[in-house]
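Only one structure is covered here, and it is reproduced in the block below.
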Amino acid sequence: MAIMEDQPESIPLTNAIPDVAPLGHTYDEALKEAGFGRAQMWMTLVCGFSVMAAANESMGMGIILPACQCDLDLDVSRKGIISGAVFLGIMISTYYWGYQTDIRGRKGVLKITLLTTVACSFPAAFVSNFHLLVVLRFLVGLFVAASSSSAIIYLGEFCPANRRGQMIGYACAIGGLGLGYSAAFGWWILSYEWTIIITESFSIRPWRLLFLVNTLPGLIAGIAFCWYPETPKFLIGQGKPEEALDVLRWVHKQNKGPGEQFNVQQLQGDSNRQIPSKQAPEGKTGTLQNLWIQISPLMKLPHSVYLAASCVQNVTASMTYGGLGVWFPQIMNIVFKSEVRIGAKICSIIQTESIAVKPILNATESTVIAECNDTVPQEAFIYTIVLGLMCGGYMLLSSMILSKLTEKTMIYINLITAGCAGIALQYITHAYVVAALFCVEIVAASICIVLVRSIQVAIFPTQVKATAISLTNLAARFGQIISNVVTGILIVQQCTITLYVIAALLFVSAGLNALLP
């Protein structure tokens, strides 16, 4: 990973000067001239670690909490509070970090939030107080909210249009492996029984090490962003074309080597640049006024239509991924352990079980706490690893396909496929096919979150791009939290209706895709 170095301005050969308009090259032309190669590949890896950091911090607690319940004296309600603290922090800060990303820059926000997330998560591995752990997890949520969406914008603004969706998909494929990363390391680390006694009331056990392992991707990404430059697209939007040109020269050097000529001497201004309204002075109401000033361009046509359509699509995809995804291991446990599963449909199996999905979970956890047995069942690791590998693998496959198809086409294919899989669940009786259909529905919906972000990077102006994506993510997080609660209840009480409603929402979201450019 090379450090950006200042280079003297290149003097092109007389017979090699292209026919350039007086105003200079457009950004897309300059980015194409800078080439595609090593620079974008390393950025994809770093941004993938940034996305993985968000997945580890938000979903990794599902592995840690059962393992630490005896040491921290956790009951079901306390586990819910700890898990919810991260999501609450994410919801509160999502829009704010989008605003800061548009105002302060992509690199600065990523660097600060990733390293601060690690700084808050690291001491959580050593606490023995429930209330302090809740506070630390809430702080983690406040800062980790920026790592995923800002990384996607950062990567997208360095990639040419024909490669943007593909590379964003690769980064999210790395991030999608975060589920498998947490489960695989959890399975390995928690399989050992060792204790280091520090004091009478404090000891170090394997679950504390898992806290630290989950912070590694964010730490690596945060350090890497200290060396990487700001995106030239943002610099142009801030009226700094010369600085943007320096960054493009660095990209060109990384991709083509120092011996190649970079034939861009001047950049045009951002044609999509919005002239910002006068910022309010900082004070009690100044920040709120500036937040509204930042969001106001998104309330005007056509951006308001784009924002509404992408919000509905992300909410639906997140409800499918977050709702069915969270309950998928428990549902599969019921299906495979049921004595009446042969020849029976999934809803019949779920609704005829003597113990419902949610009570099973609560009863199991209550028994574990009463017996103080903090062993995590192997099934929890297996299902999580399989789902994480499927998410990462399918995102990788979709990224390869994106070299041939557009993001819009892929959204149509995935949303319709997910909806059809949801309907097929009503009629299939083979347990392994049911498991496969659940995975297809969950994974196909999850890739649409990535594809919608890729489209947003292209359609929204530079100065409000991060704000638009953060609002979409905020809506998606809200839908995900609601679905986590509602799906667990409705899948037992109204299984058939629940699966049909989710499928219908997926088809509606596919129709809304027509509103996007």
Once the dipole of segment 24-109 is set up from charges on Cβ (+1 Lys and Arg, -1 Asp and Glu), the residue from the list SER83, GLY60, ILE103 lying farthest towards its positive end is ILE103
Size of electric dipole in segment 48-159: Cβ of Lys, Arg +1 and of Asp, Glu -1, about Cα centre, debye, nearest 20 = 260
Step through the residues of segment 48-58 one at a time and calculate ³J(HN,Hα) from phi using the Karplus curve (6.51 cos²θ - 1.76 cosθ + 1.60, θ = phi - 60°), rounding each to whole Hz and writing x for Gly and Pro.
-> x, 5, 5, 5, 5, 4, 5, 5, 4, 6, 8
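For SER150, SER348, give the ranking by accessible area with the largest first, probe 1.4 Å.
Working: SER150 5, SER348 60 Å².
I get SER348, SER150, largest accessible area first.
Could you give the size of the charge dipole of segment 169-250 about its Cα centre, using +1 on the Cβ of each K and R and -1 on the Cβ of each D and E, expressed in debye and rounded to the nearest 20? Before the final figure, lay out the partial values.
Numbers: 5 positive and 6 negative charges, 26 e Å.
Using only the charged Cβ atoms, the result is roughly 120 debye.
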So for SER182, SER296, what's the accessible-area order with a 1.4 Å probe, most first?
-> SER296, SER182
Round to the nearest 10 and report in Å² the accessible area of CYS120, as given by a 1.4 Å probe over the protein chains' heavy atoms.
-> 20
Going by accessible area, probe 1.4 Å, with all protein chains left in place, what is the ranking of PHE36, PHE158, largest first?
-> PHE36, PHE158
Carbon/sulfur accessible area of segment 52-91, % of total, 1.4 Å probe, equals 63
At a probe size of 1.4 Å, how large is the accessible area of GLU33, to the nearest 10 Å²?
-> 50
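Sequence gap at least 6, Cα distance under 8 Å: using those rules, report the relative contact order of segment 154-247 to the nearest whole percent. Present the calculation step by step, with values, prior to reporting the outcome.
Working: 55 pairs, mean separation 21.0, N = 94.
Taking the mean separation of contacting Cα pairs over the length of segment 154-247, I get 22 percent.
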To the nearest 10 square angstrom, what accessible area does HIS131 show with a 1.4 Å probe?
-> 120
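Roll a 1.4 Å probe over the protein chains and send me the accessible area per residue for segment 115-223 in Å². All intermediate terms of the calculation are to be shown ahead of the outcome.
Details: 4080 Å² over 109 residues.
Accessible surface, normalised per residue, equals 37 Å².
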May I ask you to evaluate 6.51 cos²θ - 1.76 cosθ + 1.60, the Karplus curve with θ = phi - 60°, for each residue of segment 505-517 and list the ³J(HN,Hα) values in order in whole Hz, giving x for glycine and proline?
-> 5, 5, 5, 4, 4, 4, x, 5, 4, 5, 7, 7, x
Any chance you could check the Cα centroid distance between segment 123-159 and segment 47-100 for me, in angstrom?
-> 8
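The values are calculated or read from the model by the stated rules, or taken from the named source; none is laboratory data. Just so we're clear, the structure is a prediction, and the values are computed from it rather than from any experiment. In this analysis, Cβ positions are derived from the backbone assuming ideal geometry, glycine residues included, and neighbour counts consider all displayed protein chains. Ligands, DNA and RNA are excluded from the accessible area calculation, which covers all protein heavy atoms including side chains. Shrake-Rupley method; radii C 1.70, N 1.55, O 1.52, S 1.80 Å.
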